[in-house]
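Please read the structure below before turning to the comments.
The values are calculated or read from the model by the stated rules, or taken from the named source; none is laboratory data. This one's a predicted model, so the numbers in the text were calculated from it and none came from an experiment. All Cβ positions, even for glycine, are placed from backbone atoms using ideal geometry, and neighbour counts span all protein chains on display.
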Amino acid sequence: MNKKRKIFKWANRIVSYVLFITLLVVASVVLMTKVSGGEPELFGYQLKTVLSGSMEPEIQTGSIIAIKMISETNEFKKGDVITFKADENKLVTHRIVDTTSTKNGVVYTTKGDNNNAEDSSPVLAENVVGEYKGFTIPYLGYFIHFAQSPNGSIFLLILPGVLLLGYAGISIWRTLAQLEDAKKTNQANVSGH
């Protein structure tokens, strides 16, 4: 019986730690998303959610990719994958298929790997915000996209707390049941003597 209690105690601790760490991670992701005004940023890399299949099979729809943010105008070459402003509110990540130097600066011709044709508008060097360096986490983008929505933020902040409270309630109920059983056992032993 003592061995079962030890195992139960360790299982209790592990579940408690996992729930607590989950709560911290989810809260951190939501807060980083809100503070940065969009995608979380770590060590100069910004995490972006891929919402289209234009770069499949290398970058799957719903993936998270890490973009190395650029501060100055970098020189990119044919074959590099860049993230650029397609318009004021839209970022696109595509591969450079050609570079052209003009008197006003460098212009990139881009194309999604899964697209049949090049992008219709050339990309000015000053519109490039970052470079994709090959780091991808498949399907996590759906979660981050949901976390950025108002309902997702509320849900993801509340859910781990509710799970932690529920688990604490179950632990308290089990402890009280064990105390009640121990009390009954002691009363039976006292009555038996």
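General observations
- Hey, Ile137 at pLDDT below 85, under 27 Å from Arg13 (Cβ atoms) and of a type in the set (Val, Ile, Thr) or not: no
- Residue check, Gly169 under 16 Å from Met55 (Cα atoms) and of a type outside the set (S, T, N, Q): no
- Taking the criterion of being at pLDDT below 90 and either aromatic (Phe, Trp, Tyr) or over 19 Å from Ile70 (Cα atoms) (or both), the residues of region 85-107 that qualify are Thr100, Ser101, Thr102, Lys103, Asn104.
- Any strands (runs of 3 or more DSSP E) falling wholly within region 88-193 and containing at least 2 residues that are basic (Lys, Arg): 90-102
- The one condition in (1) more than 30 Å from Phe43 (Cα to Cα); (2) out of contact with any Phe, Trp or Tyr (no Cβ under 9 Å at 6 or more places or on another chain) that Asp87 fails to fulfil: (1)
- Residue identified as under 27 Å from the mean Cα position of the chain (by Cα), surrounded by fewer than 18 Cβ atoms within 10 Å (Cβ to Cβ) and on the phi < 0 side of the Ramachandran plot among Gly141, Gly134, Gly152: Gly152
- Within region 87-114, the only residue that satisfies the criterion of being small (Gly, Ala, Ser) and surrounded by 13 or more Cβ atoms within 10 Å (Cβ to Cβ) is Gly112.
- Residues (at pLDDT below 85, surrounded by 15 or more Cβ atoms within 10 Å (Cβ to Cβ) and among the polar types (S, T, N, Q)) located in region 62-84: Ser63
- Check on Ala125, surrounded by 15 or more Cβ atoms within 10 Å (Cβ to Cβ), without any contact (Cβ under 8 Å) to a residue 60 or more places away in the chain and small (Gly, Ala, Ser): yes
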